[in-house]
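To start, the structure itself, in structure tokens.
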Amino acid sequence: MEVKKIALFFMALMMPCMAMADETAAADADAAAKKARETVLFLNIRRIGLELSKTQVRNTAEYTDSPIQALKATSQDFIKGIGDMALEYRKNKFKWDNSLFMEYGQTTLKPYDGPETSDENADKILLSTDLSYACWEFGGFKFGPTVGVQYETEFVGDPRQNIVRSNAGISLFDHHVLKSLYLAGVHEYDFTFPHAQTSKLGVELGWRVEYKIRDGVKLSTNGYYREYLDYSRYVSTDLERDLSAVLRMDTNLWGNFTMGPYVQYRLAKSRGADVYGSNIIIGISFNYITRFGLWDTDK
């Protein structure tokens, strides 16, 4: 009888502990379930911005017939609108980005051989899709093959640039600082001039970096260097080398609105010119930057 009483006493003591264990197990299960869910689809508003800038251009006379607006621009002051956004999909080791970049600017021109005039300067539309696969992960980096397709054109342009570009290579991506670094072979089909359509082969190095200096202050840069190796025909305005880079600092003003200085640089050499054409812009940009999670799923 005493044994039964002792057993009942210990069972009474154990019941709260068992209940606590059940609650702990349930909490652990909930945490595991929450961890097992991940956001796989994002809308990344890299920037919707307004830029105020001053431009200095050299060797304009050599590039007056070029389809690249940046190389045949004149020294100027201008206001430019920019939209840069991407739909990003992440699942297991795959990364699939579909992005749209647009810029257009009205300018006050100061030509080297004439009076001041008003005109458009910045003019670009770039649609792109890129697929990367993380074969290896180390030190916060993902590394693997990447492929992509782009279509580049302009709102106005004279002539209006029209290029379909594809690339395949290797990429480091999804690091908290080095968002993307890739080296790829490139094929371009250029139909800017209807009667001088050209296929080109080359190599391209590209990057996108974001570094948080402190709370509310971020330094970022992105760009590419492209070297052309082969052409299907001779067109004097086709480029041999092309470098484009942007360096920007964003300081939070309120919410997702930022302001900061930026430098944009373009350097290129065409097949029909003996000197390089360049375009450097230094100014202040006002931007809206944010990122939305659109779709969560179980792992």
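The values are calculated or read from the model by the stated rules, or taken from the named source; none is laboratory data. Note that the structure is predicted; figures quoted are calculated from it, not measured. Reconstructed Cβ throughout: ideal geometry from the backbone, glycine too, with neighbour counts over all protein chains shown. Accessible surface is based on the protein model in full, side chains and every heavy atom, while ligands, DNA and RNA are left aside. Shrake-Rupley method; radii C 1.70, N 1.55, O 1.52, S 1.80 Å.
For V275, what is the net charge nearby, where nearby means another residue's Cβ is under 11 Å from its Cβ and Lys, Arg count +1, Asp, Glu -1? Spelling it out: positives minus negatives among the neighbours equals 0. For L219 and D113, a Förster radius of 35 Å and the Cβ-Cβ distance give a FRET efficiency of 0.35, rounded to the nearest 0.05.
Lysine pair count for segment 48-144 with Cα-Cα distance under 15 Å and sequence separation of 8 or more or different chains is 8. In this structure the amide hydrogen of R47, modeled in the peptide plane, comes within under 5 Å of the amide hydrogens of D84, none closer than 5 places in sequence on its chain. Couplings 3J(HN,Hα) for segment 269-285, derived from phi with the Karplus relation 6.51 cos²θ - 1.76 cosθ + 1.60 (θ = phi - 60°), are 9, 8, 5, x, 10, 8, 10, 7, x, 9, 8, 10, 10, 10, x, 10, 10 Hz, where x marks Gly and Pro.
Helical runs assigned H by DSSP (4 residues or longer) give the chain a calculated mean residue ellipticity at 222 nm of -4500 deg cm²/dmol, each run adding -39500 (n - 2.57) before division by the residue total. In the full protein context, segment 160-228 carries 49 Å² of accessible surface per residue, based on a 1.4 Å probe and ignoring ligands, DNA and RNA.
Overall, the chain carries a charge dipole of about 760 debye about its Cα centre when +1 sits on the Cβ of Lys and Arg and -1 on the Cβ of Asp and Glu, all other atoms neutral.
What the phi angles of segment 258-268 give under the Karplus curve with 6.51, -1.76 and 1.60, with θ = phi - 60°, is a coupling list of 10, 9, x, x, 8, 10, 10, 10, 10, 9, 7 Hz, glycine and proline written as x. Distances between placed amide hydrogens fall under 5 Å for E154 paired with I125, Q161, all partners being 5 or more residues away or on another chain. Taking the 0 to 90 degree range and rounding to the nearest ten, how far is the long axis of helix 2-36 tilted relative to the main principal axis of the chain, both from C-alpha atoms? So the inclination is approximately 10 degrees.
Overall, the accessible surface of the chain at a probe of 1.4 angstrom is composed of carbon and sulfur to the extent of 63 percent. Modelled spin labels at A61 and E137, positioned 7 Å past Cα toward Cβ, are 5.9 nm from each other.
Here are some values of mean projected area of the Cα convex hull in nm²: (i) 36.4; (ii) 22.4; (iii) 21.4. Which one was computed from this structure? This structure yields the entry labelled (iii). The phi torsions of segment 117-134, fed into the Karplus equation with coefficients 6.51, -1.76 and 1.60 and a -60° offset, translate into couplings of 9, 10, 7, 8, 10, 5, 7, 7, 10, 10, 9, 8, 9, 9, 10, 10, 10, 8 Hz, rounded to whole numbers, with Gly and Pro shown as x. Take the Cβ atoms of S166 and K212, set R0 to 45 Å, and the FRET efficiency comes out at 0.85.
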